[in-house]
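The values are calculated or read from the model by the stated rules, or taken from the named source; none is laboratory data. For clarity, every value in this text was computed on a predicted model and none was experimentally measured. Don't worry about glycine lacking a Cβ; one is built from the backbone with ideal geometry, like all the others, and counts go over all protein chains shown. Keep in mind that these areas ignore ligands, DNA and RNA; they rest on the heavy atoms of the full protein, side chains included. Shrake-Rupley method; radii C 1.70, N 1.55, O 1.52, S 1.80 Å.
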Amino acid sequence: MRELLHLNDGWLFTESFDAALKQPDYPEDRLTPVRLPHTVKETPFNYFDASAYQMLSGYRRHLYAEPSWEGKCVLLTFHGAAHRAVVYVNSRKVATHECGYTAFTVDIGEALHYGDDNIISVELDSRENLNIPPFGYVVDYMTYGGIYREVTLEICEKARIEDVFLQTAGDVKTPRLRSLITLSPEAAEGCILRQYLCTENDRTELRLDTDVRKEGRLTTLEVPLPKVRLWSPEEPALYTVVTELYCGDELVDCSEILYGFRFIEMLETEMRVNGKPIKIRGLNRHQSYPYVGYAMPASMQRLDARILKKELGVNAVRTSHYPQSHAFLEECDRLGLLVFTEIPGWQHIGDADWKDRAVENTEEMILQYRNHPSIFLWGVRINESKDDDEFYRRTNEVAHRLDPTRPTGGVRAHKKSSLLEDVYTYNDFVHDGKAPGCEPKRKVTSDRTKPYLISEYNGHMYPCKNFDWEEHRREHAIRHANVLNAVSEQTDILGSFGWCMFDYNTHKDFGSGDRICYHGVMDMFRNPKLAACIYACEGSEEPVLEISSTMDIGEHPGCNRGETWIFSNADSVRMYKNDRLLKEYHPGDSPYTFLKHGPILIDDFVGDIIRETEGWSKEKADMVKYILNQTALKGVGNLPGKVFRTAAKLMLFHGLKPSDAVPLFQKYVGDWGGTATVYRFEAVKDGQVVKTLTKAPATRLRLEAREDHSILKEDDTYDVAAVRIRMKDEYDNTVVYYQEPVFLETEGPIRIIGPSVISLKGGMGGTYVKTTGESGDAALILRTESGSKVRIRFDVRVS
């Protein structure tokens, strides 16, 4: 039977590879002990150069080979090593791999000394002058370096299952399981395949014994399914498909694959999952993190998928611009998050050798990821590259040959591009705040019979920081709403992916000069910006209620707030001023008519108080109310003509004077010199208040820190917890201009990733803690100079 070992501990590292590292007598006191996933260089949060991680580094590890392994396959797999890896076993070169984003496996059996110690060494090149994708010209993201995903060792018989490709055949009413099973040449005649379908509660045999025919290594099994539930974004039903290989009466190998049965169609004007139409509402995701780049364990990969689905409420993600961790994809499978994944690259197409490597990347991507039910589209073009029909015929051929069940796409940044793929995917950056949210399909692609997706929008068109001024953060959110609304209106656009989920480190040629692209709807620690509310309102199951303003007039030019928007997924939102109800708003009040819960403009800061306080007639009170609200929304210099006509009527027929204008505005709208105004908002769902938001001058601050999980488990490797930090006022609002330091310290078997003193940015920040290989109670203590203190307790468990 197959035995799986995890080789993530016990590694030694050097930033400068030495050929002597391969030798058994190399002085290991020169090396640094590390655990995987590992980055070659921890970096600052910002203001660092890409040269920091570009090096020819070395890794070394001891491996005792059991005598029982001799005569078997000993398969060593690196799941991610950036970017060119040469692997040696006992000084013997056993593998060279030139892609930092796909896994590679090598049988090291012939190089091992059984019953003895062995040396595995890796020469790892993370320099960006390599002649492989994505390198060759500028790249708008840091590419980092290191063995940043896990390493495993499998010991199995020579007669084994090499690959199982699962497909959903039949139709929605009568689904069938089709399995393409590749066996090793040693799987002799008379061996038997058995296949089972497993859920958490039972084990159902799908097929009786089947002789493996010797005339070929590929065996196709197709069976009707029992009453299985189909996988969908709403109900992501998963099963474990178990394939067993028997030689005689002995079970010699077993494959277990978590799989969901589903039917996905991408048609000219519609995408369907199991026959039901769906509109893609997604975001792009890089796989990077502060300080450690790509090197984060499975728990952090899974967290990003949960944030996308649960917090941001999207139904899809594009893994820009490369294949990403299986842990991330598996969580997408579990959550029902659709995935568009693509080959590594960014704009540049290299020479013939470079293209050959890209074709190999296509093959590796599809072979390694095609059993994920969440993946619905293969990206087989280099992101935003020029047309190259000869090159892209090759990538499309590989994709269609290795996976005839999924369509291909290819992200381009120019219209009317040569279309060899099944889906036209295009980065539409037409929206600049004034132009339409997106271009119509007919202006983008000449072949309108094929499906069309928008693969990026916004992003560099309007970068936004959590500490930008309020109008900027509001505009950033509204631009995302503008595009989503426009895409929803266009019936022949299958959906869109916004750029992007979170901010990320980038090269000097991009970003804001501090090596950060502030293009996300979240910051690098996954704290939400205001724009995150636009997505959450459309898809999150949790109550959403946010206002685009702190309601502080001094933040705005001329002390005029301008437009203030409500973001909520509630049935209605009640707005109170000093405990007096001004107005109840409903989704139908939003100008974003193609969104389920679009932003709602606050158009009444007065309510009925004028009539009650002044004793005026309804006509007079309503006329004054109209002028005051228009002034609050647009400012004195931008008032429409109707305001002046109404003012003239008030002076001619109701006795008001021009000198009354400012006192009335200060009394009913402005806040100068009077008692502080308290605005309260209530989100109402099914007749019940489900969330309350209060905006008032802050008088007390408190530090908030929330960990994503408190039980840290070391199984295959170390575990990491993400801690998102905010400074809040007494009303639970983030105080966005708090930039002060937070001091971090730990107790017990955990350590901080990154610095022990951080500064909040926009009132937000974050940190990570990782386990150290020991069990026990642990804590992270956070404090500020002003005396705020938070203690987070962790329970660390090591298997």
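Residue-normalised convex hull volume from the C-alpha trace of region 601-745: 220 Å³ per residue. In terms of accessible area, using a 1.4 Å probe and ignoring ligands and nucleic acids, 461, 300, 623 rank largest first as 461, 623, 300. Amide H contacts for residue 65 (H built 1.01 Å from N in the peptide plane; partners 5 or more residues away or on another chain; cut-off under 5 Å): 115, 116, 118. Taking every protein chain into account, the accessible area of the chain amounts to 40 square angstrom per residue (probe 1.4 Å). What number, in percent, do you get for the relative contact order of the chain if the mean sequence gap of Cα pairs under 8 Å and at least 6 apart is divided by its residue count? Rounded, it is 9 percent for the chain.
Among the protein heavy atoms, those of residue 469 account for about 120 Å² of accessible surface (1.4 Å probe, every chain in place). An ellipsoid equivalent to region 436-592, defined through the eigenvalues of its Cα gyration tensor, has semi-axes of 29, 23, 14 Å when rounded to whole angstrom and sorted largest first. Ignoring lysines fewer than eight residues from residue 173 along the same chain, the ones with Cα atoms less than 21 angstrom from its Cα are 227, 276. Over 21 Å apart at the Cα level, from the set 713/770; 41/93; 310/577; 309/728; 508/529, are 41/93; 310/577; 309/728; 508/529. Taken as Cα centroids, region 653-731 and region 450-487 sit 23 Å apart, rounded to the nearest whole angstrom. Taking all Cα pairs closer than 8 Å and separated by 6 or more residues, the relative contact order of region 467-590 comes to 18 percent. More than 53 angstrom separation, counting every C-alpha pair in the chain; what % is that? Value for the chain: 19 percent of Cα pairs lie more than 53 Å apart. Counting only protein heavy atoms and a 1.4 Å probe, tell me what percentage of region 356-479's accessible area is made up of carbon and sulfur. Taking all protein chains in place, region 356-479 shows 49 percent carbon and sulfur surface. For region 214-308, the relative contact order is 15 percent, taking Cα pairs closer than 8 Å that sit 6 or more residues apart in sequence and dividing their mean separation by the residue count. Only protein heavy atoms count here; under a 1.4 Å probe, residue 343 has an accessible surface of about 0 Å².
For region 370-495, a simple Cβ point-charge model (Lys and Arg +1, Asp and Glu -1, everything else neutral) yields a dipole of about 200 debye relative to the Cα centre. 3J(HN,Hα) couplings calculated from phi for region 102-113 with the Karplus curve 6.51 cos²θ - 1.76 cosθ + 1.60 (θ = phi - 60°) are, in sequence order, 10, 7, 8, 10, 9, 7, 9, x, 6, 9, 8, 9 Hz; Gly and Pro show x. With the charge dipole of the chain set up from +1 on Lys and Arg Cβ and -1 on Asp and Glu Cβ about the Cα centre, the Cα lying farthest toward the positive end among the listed residues 236, 440, 75 is that of 440. Note on exposure: 255, 617, 374 ranked by accessible area (1.4 Å probe, complete protein assembly) read 617, 255, 374, with the most exposed listed first.
The phi torsions of region 454-463, fed into the Karplus equation with coefficients 6.51, -1.76 and 1.60 and a -60° offset, translate into couplings of 8, 9, 8, 7, 6, x, 5, 5, 7, x Hz, rounded to whole numbers, with Gly and Pro shown as x. Projecting the Cα atoms of 638, 451, 12 onto the charge dipole of the chain (Cβ charges, centred on the Cα centre) puts 638 farthest toward the positive pole.
With the whole protein complex present, residue 42 retains an accessible surface near 90 Å², based on a 1.4 Å probe. Only alpha carbons enter this Debye calculation for region 354-437, each as an equal point scatterer, and the log10 of I(q)/I(0) it gives at q = 0.12, 0.14 Å⁻¹ is -0.38, -0.50.
Scaled against 2.2 N^0.38 Å for its residue count N, the alpha carbon radius of gyration of region 673-799 is 1.31. Simple point charges give the picture: +1 on the Cβ of Lys and Arg, -1 on the Cβ of Asp and Glu, and for the chain a dipole about the Cα centre of about 3200 debye.
Distance between the C-alpha centres of region 559-588 and region 268-345: 33 Å, rounded to the whole angstrom. For region 70-145, the alpha-carbon radius of gyration amounts to 1.29 times the rule-of-thumb value 2.2 N^0.38 Å expected for a compact globular protein. Sequence-ordered 3J(HN,Hα) estimates for region 681-687 from the Karplus curve with 6.51, -1.76 and 1.60 and θ = phi - 60° stand at 10, 10, 8, 10, 10, 6, x Hz, glycine and proline given as x.
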